[in-house]
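One structure is given below, encoded as structure tokens.
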Amino acid sequence: DFSGTESVQALNKNVYVFSGKAVYRHVFGRGTDVSAGLDFSDSHNEQNQTLDGDFRCFKYYDRQIHGYLQFSRVWSQSFSSEIGLRLENTHTYGHQIVEDLKNRQDYTDLFPSVNLSWNLHGFVKSISLSYTRGIIRPAMYALDPYKIWTSDNSYSQGNPDLKPSYSDRVSLYSMLLQGLIFNASYTYNYRLMVPFTMNTTEGYSLTSVTNSGRSHFVNMNLTYNKGLFPWWRTSAFASARYRNFK
């Protein structure tokens, strides 16, 4: 409480979640496997809060429907693959009761995934290469447009137009001789949710969140793990990381 007096707060939350899932799988001959599925979640959230006599109520509805298809096959003793595609639809509705602010979002996205594996001979025993696309949806509190005053001339406020963030990730996993394991990954995150501060036309300082960030992340690990005797095991670990955020 910026006025220096003790803050009096009352908080009440109501959450209802309904979900379901259906999966079908069929195994063909010669190491071929196909699976398909459909799942959904339907959540209703209501948050009532009274802070120093100031009442706020935010109702939030979130419905997600996901459908996927996955194909895997062992092509030979040295090569296998797994390919998947996921379709997601998200519908959200937020209503700030006190100020009667409403927001709806409806978006559909595709999320492919690929994994290729080779069994080799020589110094390199096996290699796996994979790609996945991911999503991070904004939390309910980040979408709430209610003003929360932190001082006489500054406040924070959620962004009801906030969109989800996405990532593309490529990974390499290799098992070597002499107990060595090497893995590396590169992840590109875009439309990241980043906090910012700006001055309003009324002369106040506003803190909120926007989709203005992106990052590159590289991670490499080398692990050594070998049992020399039944009573003796040697292990070592080395890693290197690089991150660039804008």
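The table below lists the values:
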quantity: Filtered residues of region 99-156 (kept if in contact with a helix residue (DSSP H, G or I) (Cβ under 9 Å, 6 or more places away or on another chain) and not polar (S, T, N, Q)); calculated: Gly122, Phe123, Val124, Lys125
quantity: Residue list for region 78-106, restricted to those being of a type in the set (A, V, I, L, M, F, W, C) and without any contact (Cβ under 8 Å) to a residue 40 or more places away in the chain; calculated: Ile83, Leu85, Leu87
quantity: Pair list, Cβ < 6 Å and 6+ apart or interchain, from region 167-194 residues that are on the phi > 0 side of the Ramachandran plot to residues that are open to solvent by less than 60 Å² (accessible area, probe 1.4 Å) and among the small types (Gly, Ala, Ser); calculated: Arg191/Ser165
quantity: Any pair with Cβ under 7 angstrom, 6 or more apart, that starts in region 107-118 at a residue that is under 16 Å from Arg169 (Cα atoms) and ends at one that is among the basic types (Lys, Arg); calculated: Phe111/Arg86; Phe111/Arg133; Pro112/Arg133
quantity: From the options Ser235, Ser174, residue that is among the polar types (S, T, N, Q), at pLDDT 90 or above and more than 30 Å from Asn159 (Cα to Cα); calculated: Ser174
quantity: Selection from region 186-217 of residues that are hydrophobic (A, V, I, L, M, F, W, C) and open to solvent by 50 Å² or more (accessible area, probe 1.4 Å); calculated: Met193, Phe196, Met198
quantity: Restricting region 217-232 to residues that are assigned to a strand (DSSP E or B), more than 22 Å from Arg169 (Cβ to Cβ) and hydrophobic (A, V, I, L, M, F, W, C), the residue that is modelled with the lowest pLDDT; calculated: Leu228
quantity: Residue count, region 224-246 (criterion: over 30 Å from Tyr190 (Cα atoms) and surrounded by 10 or more Cβ atoms within 10 Å (Cβ to Cβ)); calculated: 9
quantity: Selection from region 23-81 of residues that are within 26 Å of the chain's Cα centre (by Cα) and open to solvent by 60 Å² or more (accessible area, probe 1.4 Å); calculated: Val23, Tyr24, Leu38, Phe40, His44, Lys59, Arg63, Ile65, Leu69, Gln70, Phe71
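The values are calculated or read from the model by the stated rules, or taken from the named source; none is laboratory data. These numbers were taken from a predicted model, which means no experiment stands behind them. Note that each Cβ is placed from the backbone with ideal geometry, even for glycine, and that neighbours are counted across all protein chains shown. The protein model used for the area step is the full one, side chains on, heavy atoms only, and it has no ligands, DNA or RNA in it. Shrake-Rupley method; radii C 1.70, N 1.55, O 1.52, S 1.80 Å.
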